[in-house]
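The values are calculated or read from the model by the stated rules, or taken from the named source; none is laboratory data. Keep in mind the model is a prediction, meaning the values are calculated, not measured. Cβ: placed from backbone, ideal geometry, glycine included. Neighbour counts: every protein chain shown. Each accessible area value is taken on the protein alone, full model and side chains, heavy atoms only, with ligands, DNA and RNA left out. Shrake-Rupley method; radii C 1.70, N 1.55, O 1.52, S 1.80 Å.
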Amino acid sequence: MTDTAAPAAAVPDLPPGSPTHCQNCGAELLGPHCHACGQPIKGTVRHFGSLIGDFLDTVFEYDNRLWRTLVPLLLKPGHISNDYLAGRRVRYVSPFRLFFFITVVAFFVAQFTFDVSDGNGPVQVGTGNGVKVEDPSQPVSEAMTVAEVERRRDALLAKLDQSLAEIPDEPAAIGARIGIEAGKNAIQEQAKERIAELQAAETAGLPPPKPTAPQIRFGGDKPWDAETNPLVIGWLPDAGNAWVNRQIGRAEKNIARIQEDPDLLKEGVLGSLPVTFFVLLPIFALLLKFAYLFKQRLYMEHLIVALHSHAFLSLALLLVSILSLLGDWSGWWLFGMFEVLLLVWMPIYLLLAQKRVYRQGWVMTVLKFGVLGFIYFFLLTIGVTLTMLAALVWL
């Protein structure tokens, strides 16, 4: 019996000068990565020029995958989700990275789309003797006559209404709308209080009282005060109540800052909204899990669908913001038309995506889409309200 020679091992396809064995585990190398531990041959301790080359290769490759992802994400409802769930993933950016990147960019650009405190100049408010030009930045609390309070109030409300009309009517912009509505309510309440102060002083024959700082009240006539009238929550320990009252104090100081510069609240809300999206995303995936319980899909599959849906919403918000800016700069009506078409496309896209991914009949799809949309909008409203309160405290 003769020995049969073993076939020669395949020569690894390695660059010249590369090690033949893994420097981490010692296994024989058959390619650019160790088959035993996964460590790559190329490390960071090498010539700087080769690192630059690898970086450029990575950037251009990522750029190609980004464009291959963004086009179907915007124009083909459910296409990327179906491909991803079917295992065709390498051509696309990963769902979480896609959502994170677009959301951060979208809310950053949205901060430049509208301006609460800056506009096209002073607001003209009609008076009995002609036209009075008011500076919208003047706070109502500093007015020394009833007529002046009313003029400043009307000027501020007109400016906020103008900003409100410029906000796109979409779920992603709900935080800005709630912030402006809250600002309008605060201005009206402050005007009522200042008018009452001025009228009381006039009735008593006293000079107009000096402006008072904004005050917070919790269901009583006496304003909140950290020392004399703090908020006490019975089930909280002393340390917890002390923390709550510190935050109330911060909010009271920030209210005065917002009255001078309303954009502070807008920036705080838009800066915090991505966090709200991150929190609501797994909740929305859970809602999809319950809505399609009998489809026997894994929770991670619903999470991928939720990531792609939220990435589309963020991409749509980004495009709406860009179109709005271009329309303001150029005055071209075509940008406004594209903006309207995009807003109409958003709910249609989400409905078609749900239909194509879960493959149910139209009646059940529309019914579930409506229920999910209502629940999600309710949760989004709560999340945005909490975000606005957090922004008020942490400005």
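Results for (1) within 16 Å of the chain's Cα centre (by Cα); (2) among the aromatic types (Phe, Trp, Tyr); (3) open to solvent by 20 Å² or more (accessible area, probe 1.4 Å), shown as yes or no for each residue.
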| position | (1), (2), (3) |
| --- | --- |
| SER314 | yes, no, no |
| SER321 | yes, no, no |
| SER324 | no, no, no |
| ASP328 | no, no, yes |
| TRP332 | no, yes, yes |
| LEU341 | no, no, yes |
| VAL344 | no, no, yes |
| PRO347 | no, no, yes |
| LEU350 | no, no, yes |
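For region 274-303, a residue qualifies if it is in contact with a helix residue (DSSP H, G or I) (Cβ under 8 Å, 6 or more places away or on another chain) and not hydrophobic (A, V, I, L, M, F, W, C), and the qualifying residues are PRO274, THR276, PRO282, LYS289, TYR292, LYS295, ARG297, TYR299, GLU301, HIS302. The residues of region 38-84 that are of a type outside the set (A, V, I, L, M, F, W, C), modelled with pLDDT under 60 and in a loop (DSSP other than H, G, I, E, B), listed by number, are GLY43, THR44, ARG46, HIS47.
When you go through ARG194, ARG257 one by one, which is the residue that is assigned to a helix (DSSP H, G or I) and either open to solvent by less than 30 Å² (accessible area, probe 1.4 Å) or modelled with pLDDT of 80 or more (or both)?
Details: ARG257 fails: either open to solvent by less than 30 Å² (accessible area, probe 1.4 Å) or modelled with pLDDT of 80 or more (or both).
Among ARG194, ARG257, only ARG194 is assigned to a helix (DSSP H, G or I) and either open to solvent by less than 30 Å² (accessible area, probe 1.4 Å) or modelled with pLDDT of 80 or more (or both).
Residues that are farther than 26 Å from LEU318 by Cα, open to solvent by less than 30 Å² (accessible area, probe 1.4 Å) and either hydroxyl-bearing (Ser, Thr, Tyr) or at pLDDT below 65 (or both) within region 260-302 comprise just one, TYR292. Evaluation of GLY119 against the conditions (1) open to solvent by 50 Å² or more (accessible area, probe 1.4 Å); (2) among the small types (Gly, Ala, Ser); (3) modelled with pLDDT under 50 shows that the sole unmet condition is (1). Within region 311-330, being in contact with a Phe, Trp or Tyr (Cβ under 6 Å, 6 or more places away or on another chain) and closer than 16 Å to TRP345 by Cβ holds for ALA311, LEU323. Among residues of region 77-91 that are in contact (Cβ under 8 Å) with a residue 40 or more places away in the chain, those with a beta-carbon under 6 Å from a residue that is in a loop (DSSP other than H, G, I, E, B) and open to solvent by less than 40 Å² (accessible area, probe 1.4 Å) at least six positions away or on a different chain give the pairs ILE80/TYR92. Just one of (1) in contact with a Leu (Cβ under 8 Å, 6 or more places away or on another chain); (2) surrounded by 15 or more Cβ atoms within 10 Å (Cβ to Cβ) fails for TYR358. It is (1).
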